[in-house]
Amino acid sequence: MITKSNTDRALLFDGPETDLHNKLFDLEATPLKGQDLSLDHITGNSFEELEQEIGSEDFAAIVATGNFKPDEGFLDHYKSENRLKLYYLKQGGHIAVFSFGEFQPTRYQLYLEGTWTLGA
């Protein structure tokens, strides 16, 4: 069983790509706090791969509580409310979901969409 932690959607970055690659992110108000994460850590796992790791039922719960929608393309990627591609980071019993991409030409955004806790 999976439960959503009390983590609101948060904008972590909004700006040009050149400012993004050397930046580190600390997820302060989440169960994953105290870690300096780079963009490579955050975007290392495509959200769709999470279903294989946690199972269909828990994956469906994350999709529903995160209000994520599949795109209309043939790749079956899920998107955030801003239509940005989703990624996940799993550490211990916690999962953080992020959205990242080019929001406008040369303007990139990175959001923490939420965190979930895997239970017994």
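Can you give the local net charge around residue 70? Use residues other than it whose beta-carbon is closer than 10 angstrom to its beta-carbon, Lys and Arg +1, Asp and Glu -1.
After counting each charged neighbour, the total is -2.
Give me the percent of accessible area attributable to carbon and sulfur for the chain, probe 1.4 angstrom.
Ligands and nucleic acids excluded, carbon and sulfur give 48 percent.
Report the gain in length on full extension from residue 56 to residue 11: 0.36 nm times residue separation, minus Cα-Cα distance, nm rounded to one decimal.
Gain in length upon complete extension: 13.4 nm.
Around residue 45, what is the net charge, scoring Lys/Arg as +1 and Asp/Glu as -1 over all other residues with Cβ under 10 Å from its Cβ?
-2
Quick one: order 48, 53 from most to least accessible surface, probe 1.4 Å.
My answer, sorted largest first, is 53, 48.
Grab the beta carbon distance between residue 117 and residue 19, set R0 = 30 Å, and tell me the FRET efficiency rounded to 0.05.
0.40
Just tell me which lysines come within less than 21 Å, Cα to Cα, of residue 79; anything on the same chain fewer than 8 places away is out.
Correct list for residue 79: 4, 69, 90.
Work out, step by step, the length gained on full extension between residue 41 and residue 76: first 0.36 nm times the residue separation, then minus their alpha carbon distance; give nm to one decimal.
Stretched fully, the residue 41-residue 76 segment lengthens by 10.3 nm.
In the full protein assembly as shown, how much of residue 87 is accessible to a 1.4 Å probe, in Å² to the nearest 10?
Accessible surface of residue 87 is approximately 40 Å².
Nothing charged except the Cβ atoms of Lys and Arg (+1) and of Asp and Glu (-1): what's the magnitude of the dipole of the chain about its Cα centre? Round to the nearest 20 debye.
Magnitude of the dipole: close to 240 debye.
Please list 112, 118 in order of solvent-accessible area, largest first, computed with a 1.4 Å probe with all protein chains present.
So, going from the largest accessible area down, we get 118, 112.
What is the sum of charges around residue 24, taking Lys and Arg as +1, Asp and Glu as -1, for the other residues whose C-beta is under 14 Å from the C-beta of residue 24?
Around residue 24, the surrounding residues sum to -3.
For 36, 14, give the ranking by accessible area with the largest first, probe 1.4 Å.
Ranking 36, 14 by accessible area, largest first, yields 36, 14.
Taking only protein heavy atoms and a 1.4 Å probe, what accessible area per residue, in Å², does the chain have with all protein chains in place?
56
Over 20 Å, how big is the tail of the calculated P(r) for the chain, in percent of all Cα pairs?
39
The values are calculated or read from the model by the stated rules, or taken from the named source; none is laboratory data. Computed from a prediction, not measured in an experiment: that's the story for all the values here. Positions of Cβ are generated from backbone atoms using ideal geometry, with glycine treated the same way; all protein chains shown enter the neighbour counts. With ligands, DNA and RNA removed, areas are computed over all heavy atoms of the protein, side chains included. Shrake-Rupley method; radii C 1.70, N 1.55, O 1.52, S 1.80 Å.
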